[in-house]
Structure formats: structure tokens, C-alpha cells
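See below for the structure under consideration.
Only the coordinates and a few stated rules stand behind these numbers; no lab work does. Nothing here was measured: the structure is a model prediction, and the numbers come from that model. FYI the Cβ positions are ideal-geometry reconstructions off the backbone, even for glycines, and counts take in every protein chain you see.
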Amino acid sequence: MDTSKLTAPMQNILDVLANFPDGASIAQIESVMAAHPATLRTLQRWLAELIELGLVRRDGKGRASRYLRVRVISVEVQEKIQAQDATSTAPHIALSVAGKEVAVHVGQPIMLRTPIGYNRQFLDTYRPNQTFYLNEALRADLFAHGRAVAANEPAGTYARQIAHRLLIDLSWNSSRLEGNTYSLLETERLLSVGQAAAGKDALEAQMILNHKEAIELLITSADEIGFNRYTVLNLHALLSDNLLTDPTASGRLRSIAVGIGKTTFVPLEGPQRIEECFDQVLATAASILDPFEQAFFVMVHLPYLQPFEDVNKRVSRLAANIPLIRKNLCPLSFVDVSQPLYVSAMLGIYEINRTELLRDLFAWAYKRSCARYSAFKQSISEPDPFRIRHRQLIADTVAEVVRGAFGKQQAIALIRQRAQEQLSQSERARFIEITEIQLMSLHEGSIARYRLRPSEYQAWRARWQ
């Protein structure tokens, strides 16, 4: 495909179509082409030229015509995608071709990636309820998985029903994605009885406790929260409490320049411009009708703007739960999300404004959360290959904890010992997580799989609690 004939208006059309995965009508394209306004006849000519170049495809006829951007994948990129598939760190997530393209780009050495600043047009060209990062079929699929209680129940009903489990899971997983080294059991102990893990940095305990406070705000104030300054600024204040160099920056938009490690992206500068874009992000998010599109939009645009000195991604992950909690849909707790893949997805947003990798991860993670929480889930998850491979070791470890009537600290020590002795470095964290989950969800109706007697379970449970 010859792209040498591309003019600035034609590139603008391609940028607009990137926000319409299901295709856009000519009226939709015209409404967001503020940078290059044109007559209808001129716009039709540009589209015809893009179709001839093989960069755009037209579906339908007449007024029903929709224009879709065609991704150009070079042989080199195809080869890199194939090589990446063979060594993927998250083989259980089925990435789209577009998602793999993003992963290939951000997987290059940083010196080969172009330095880039904040692109205001990425936000400006988004039109609520016209632009969609998540196509209609995907949104419907996520809704089918996420329905939890009757539609007429008060906002936050479902989140309150699973509040204890959600507090632990979301606090742990969101903190883990920031590099926090607490285990799931250590997190549960910290949140339940206030006991910090021995040998851990106090900042890690503070991060987890801050998550608890912020999640409680979302649950207890479900009928009041929304995409407004009160909610988002207070989320930041709670999540950043006692973690910032300047304590007065907590809950305030930043007035200083910031940098992000391991990326070529340079965030927006200037307090007035940051505030203007922040208000635009909130207004746009508040106007979106679909709760999943809302959730995904803030996961893209809050971190991209970097409105706060730090803790931006944490704010976006909890803010993504606002429409889900309000609509009594299953919350998103980022269960099993790979930190390297999440970082790559965010780099794709920062450096090339590509949402596909984060979209793939978002959809997969949401279904994992539904499988964990919702009694009304529509499908059963595929068996976890890791659990199949290490089934006996997991079962033996759980049984040893119960038969020995171990408390939580003893259990943590044993699980880590087994991981250290019998598993490779790359498998230990996953083994620890799964075994801790099995212990935390153990009940009288599931002890037979571990060959445990009711008397052994009762003696252990008394000590465990």
C-alpha cells in the first residue's frame, strides 16, 4: 500500500476512524474533523482516495455506508507478532491482531521509540455515544457476563453484597500492578486485623490501606459518586494519603511537570491546560451512556492526562468501577492481570494512542472478575493450565496447612517455602496466589477434594479466624 500520497486531511480521517472500530458514517467523520473542515464533496473525494490506497474500507451503500480503517501490517511486524506469540508471558489471554501490534511497538528498546507529547486531539475527537473504543458486540458480551442483581435494586447493592471479598481483591490486585509485594493472604490480614507483614516496606501497607478507604467510598456512596470533581479528587486524596512527597498535592491537580519511567511519553504541562483537559475528560465520561465504555474511557484518558503528581493509574482503576458499581454490574478487580502486559497496554496509550491492547486486557480481566464473583455468570471459564499442572502440589500444601491447624502467618511461610523448593522463579508468585485463594475460599462443602476430615477442618478454622 502506497502511503506516500497521504495529505494532512487524509491522515486526520484515519485518526478519526481509529476511534470507530465498527466504522463511522460520513456524518460522524465530518462532525469530528475540526482540524480540517471540508465540504461534503471534498470529504467524499478524500475517502475515495483512501479506499483506493487500501487504507479505508466502505461497507454498505448510500446513507447506510460506513467507513472502516484498514490496518497496514508489514511483514516485519507480522514476524515479530509470531515471535511474540511463541514467548508470550500471558499465553492464556487471546490478543487481537491489533493488540499484538501495540505489544510489538512498545516491546522495542526505548531508544527506537519516538519521543511524543500529549496529543489533545486524541481526547477532542472522541464523541460520547458516537465514538466507541469497545464495539457493540463486545459491550453486549460484557453485559451478559456482568449482570448480577435485578435492575431495580438501589445503586451499589451488588458491591455491598460482596464488599469484604471485593475490598481484599481489588486492594491487592491494584497494588500488585504498582509493584507492591504483599501476598493475597498478607493483604487480607492487614485489612482484617490491621497487622502489617513482617519485613515489608511501610509504604506497601499504606498503599493497600489507602485502597481500602477509596473502595469503601465507592461502595458506601454508590448513589452519589460519578465522573465529577468531588469523586475523582477524593479518590486521589484517599489513594495518595501519606504517599506523596508533597502532602498538599493529595486530591489536587498538579501544577508541576512530571515524568514517567520506561516510556518516551512526556505528559502535558501547564496547570491551566491540565485543568481544562481534566474537566473535559470528566464531562466526556459523564456523557457516555454505556457503563463499560465509560469504565474503559477513564482507564484510557485519566492516566494519559496524568492530572495528578502521582497515583494516576490507581485512580483510573478504581474510577473504572464507578459505572459498574452504580449499575449493579460485577466490579472489575483485575484478578490475574499480568503486570508486564498491563504496563505494555498503558505504554500503547501513552506513545501511540492505540487502545487495542488495553481493550483486550480489559475484556479478559472483566470476565475473570465475573467468573470470580457473579452467581449469575453466563459461561464457565476455561480450566487454568497452571492449576492443572501443579494440582497435586497445591492440594498437598492446602491439606498440610489445615491438618497442622496453621494460622495465617504460618500458612504464608509454608506456601512460600513450597514455592521456593519446588517451583521455578517464574512460577512462584502464581503458585502463592492460587494456594492462598484456595485456603481463603475453603469451606465444609469443598474439603473432600483435599482428603480432609470435618474435624480437621473445624480445628483449623477456629485457629484461622
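Here are a few things to note about the model shown:
- Summary of packing: across the peptides 132-142, 445-455, 230-240, the per-residue average of other C-beta atoms within 10 Å ranks them, highest first, as 230-240, 132-142, 445-455.
- Degrees separating the helix 291-305 axis from the principal Cα axis of the chain, which is the longest one: 80
- Efficiency of FRET from Cβ geometry, residue 49 and residue 230, R₀ 45 Å, rounded to 0.05: 0.40
- Here, the chain has an Rg and a Dmax of 23.9, 81 Å when only alpha carbons are counted.
- Peptides ranked, highest mean first, by Cβ atoms within 10 Å: ranges 146-152, 14-20, 100-106: 100-106, 14-20, 146-152
- In percent, rounded to a whole number, the relative contact order of region 112-373 is 28, using alpha-carbon pairs under 8 Å and six or more apart.
- Length gained when the stretch residue 61-residue 257 is fully extended (0.36 nm per residue, less Cα-Cα span): 65.6 nm
- Base-10 log of normalised Debye intensity for region 187-314 (one unit scatterer per alpha-carbon) at q = 0.18 Å⁻¹: -1.08
- Members of 313/408; 367/408; 100/262; 262/313; 327/367 lying beyond 23 Å, as alpha-carbon distances in this model show: 313/408; 367/408
- Those trypsin sites (Lys or Arg not before Pro) in region 200-294 that DSSP places in a loop and that have at most 13 other beta carbons within 10 Å: 262
- Annotation: the antiparallel percentage among DSSP beta bridges lying fully within the chain is about 75.
- Built amide H within the under 5 Å cut-off of residue 265, gap 5+: 116
- Here, region 8-69 is characterised by an Rg to Rh ratio of 0.90, where Rg is the alpha-carbon radius of gyration and Rh the Kirkwood radius.
- Table column - 3J(HN,Hα) (Hz), region 335-340, Karplus curve with 6.51, -1.76, 1.60, x for Gly and Pro: 4, 6, 5, 6, 4, x
- Restricting the calculation to Cα atoms, region 112-373 shows an Rg/Rh of 0.94 when the hydrodynamic-style radius is the Kirkwood one.
- The length gained by stretching the chain between residue 110 and residue 246 to full extension, at 0.36 nm per residue less their Cα-Cα distance, is 46.0 nm.
- Counting 0.36 nm for each residue step from residue 31 to residue 269 and taking away their Cα separation leaves a gain of 82.9 nm.
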